[in-house]
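Just below is one structure, and these are the notes that go with it.
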Amino acid sequence: MKNFFSPNQYDADQLGYFGQFGGSFVPELLVPVLEELTKAYEEAKNDPSFIAELENLYKNYSGRPTPLYFAENLTRQLGGAKIYFKNEGLNHTGAHKINHCLGQALLAKRMGKKRLIAETGAGQHGLATATVAARFGLECVVYMGAVDVERQRPNVFWMEQLGAKVVAVEHGTKRLKDAVTAALQDLIANPNDTYYLLGSALGPHPYPSMVRDFQNIVGREVRAQHHEMENKLPDYLVACVGGGSNAIGLFNDFLNEPDVKMIAVEAGGRGVEKIGDHAARLQGQGKLGVVEGYKSYFLTDDDGQVQPTHSISAGLDYAGIGPEHARLFETGRVHYTYATDDKVLAAFKTLARTEGIFAALESSHAVAEAIRLAPTLPKDKTIVVNLSGRGDKDIFIVAEAVGDVKWKEYLKTKSG
């Protein structure tokens, strides 16, 4: 079980702090709820039967291990390092989100909870939560910013078909941060029978550590698969980072390997010069603060009010970043950069045309960085990119961005 979770020198302390980041800053009513969760998780992660059931679900329900695919065409076109894609989009529900949803649903079942609530931006976490709720026979409510409900209508439809109630959050910026707030308010009102299935490696302790632990399967598989293919460790790991779950899932198993370089790619939006045009917390404009129960870097004004964000991808426009990522940024263990919307869309198209893979727009941020990086490296180096999800869900955004006339005409015929 120790290897299952890959503990390392960057782990949180007993109070949930990664250096100065993290902790638990919640209303008094939530303190016993989080204490109950912490105790239940510590017991579960040390229970061989819990781990065995989770591994069985990973294999026989979700379809793990996901492939590590050598992108031969793209590598040849770029003329530098070899590019591999960890294709998490081939998981059940189409993204890495199912990993921590299965783990947390098992934990909710163990705790005797009858109801799952969740927040979602791109809809992939909401879809995965609705899926595991159906699998385990639990009631499900998903909070989603009204803006994202419109951008990700296919996922809303599928969540509802699974029996979930999708609540469009109309206050604030009507995006992911407001969905988080609504979910926390629900938990305060219904602490006894409800499990808040948080969707990223953020929030109050123990969520950042717990979500990372359930996502650790990604890096563990990459280590074994890459060794089989290359007989060595990867030289570079690249992942997009919003809240941070897919990135920390890839990175965690390698944090104690100093020769493995890691790059996390934030949403550069229309450019990082002006707040409101992007969601790049670590490019000089993020401020240290406490928001939604934890301490980290956030895009806020001088009064601590969270500022609007923008990204072509609905899952990366969160104004904060998970506390372990803040720690990895502060120590320099991981390099944090960004990709703008135009680079992301170009990367999406390039991957589709060279390898026949539609990556989620979130993942396409990481693809954009790999396209930039690979030609600068020798051919004996390797880059592993986490394709955290597939691009089916982004059809409306992509069609609009590329100005697809045929798609627009089709929608008109159906809307009448």
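The values are calculated or read from the model by the stated rules, or taken from the named source; none is laboratory data. Predicted model, so just to flag it, every value in this text is computed and none were measured. Every residue, glycine among them, receives a Cβ derived from its backbone with ideal geometry; neighbour counts consider all protein chains shown.
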Next on the checklist: If the requirement is being without any contact (Cβ under 8 Å) to a residue 40 or more places away in the chain and surrounded by 16 or more Cβ atoms within 10 Å (Cβ to Cβ), which of these qualifies: A401, A347, A339?
Outcome noted: A347
Next on the checklist: So for the stretch 17-40 (the condition being of a type in the set (S, T, N, Q), at pLDDT 95 or above and in a helix (DSSP H, G or I)), does at least one residue qualify?
Outcome noted: yes
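Output the number of residues of the stretch 1-16 satisfying the condition of being in contact with a Lys or Arg (Cβ under 8 Å, 6 or more places away or on another chain) and in a helix (DSSP H, G or I).
Residues flagged as in contact with a Lys or Arg (Cβ under 8 Å, 6 or more places away or on another chain) and in a helix (DSSP H, G or I) within the stretch 1-16 amount to 3.
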Checklist entry - in a strand (DSSP E or B) and surrounded by fewer than 24 Cβ atoms within 10 Å (Cβ to Cβ), is that true of V147? => result no
Checklist entry - Picking from T93, T129, T120, T66, which residue would you name as being in contact with a Lys or Arg (Cβ under 7 Å, 6 or more places away or on another chain) and β-branched (V, I, T)? => result T66
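Output the residues belonging to the stretch 165-179 that are part of a loop (DSSP other than H, G, I, E, B) and either modelled with pLDDT of 85 or more or more than 10 Å from T120 (Cα to Cα) (or both).
Selection gives E170, H171, G172, T173, K174.
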Checklist outcome for this item: Among the residues of the stretch 311-335, the number that are surrounded by fewer than 21 Cβ atoms within 10 Å (Cβ to Cβ) and not polar (S, T, N, Q) is 4
Item to check | Number of the exception - P308 against (1) at pLDDT 95 or above; (2) surrounded by fewer than 20 Cβ atoms within 10 Å (Cβ to Cβ); (3) under 20 Å from E150 (Cα atoms); (4) not basic (K, R) | outcome: (1)
Next on the checklist: Show me the strands (runs of 3 or more DSSP E) entirely contained within the stretch 192-310 in which 3 or more residues are assigned by TED's automatic domain parsing to the domain that holds H325.
Outcome noted: 236-240, 261-269, 287-291, 294-298
Item to check | helices (runs of 4 or more DSSP H) contained in the stretch 312-416 and holding at least 2 residues among the hydroxyl-bearing types (S, T, Y) | outcome: 341-355, 361-373, 405-415
Checklist outcome for this item: Of the listed residues (A108, A134), the one being of a type in the set (A, V, I, L, M), in a helix (DSSP H, G or I) and out of contact with any helix residue (DSSP H, G or I) (no Cβ under 9 Å at 6 or more places or on another chain) is A134
Checklist entry - From the residues in the stretch 1-31 that are exposed (fewer than 12 other Cβ atoms within 10 Å of the Cβ) and free of Cβ contacts under 8 Å to residues at least 12 places away in the same chain, which one is farthest from G244 (Cα to Cα)? => result E28
Checklist entry - Which ones in the stretch 105-127 are crowded, with 19+ Cβ neighbours inside 10 Å, of a type in the set (A, V, I, L, M) and within 19 Å of Y41 (Cβ to Cβ)? => result A105, L106, L107, A108, L116, I117, A118
Checklist outcome for this item: Taking first residues from the stretch 138-159 that are assigned by TED's automatic domain parsing to the domain that holds N190 and second residues anywhere that are acidic (D, E), the pairs with Cβ under 6 Å that are 6 or more apart or on different chains are Y143/E119; G145/D178; A146/E170
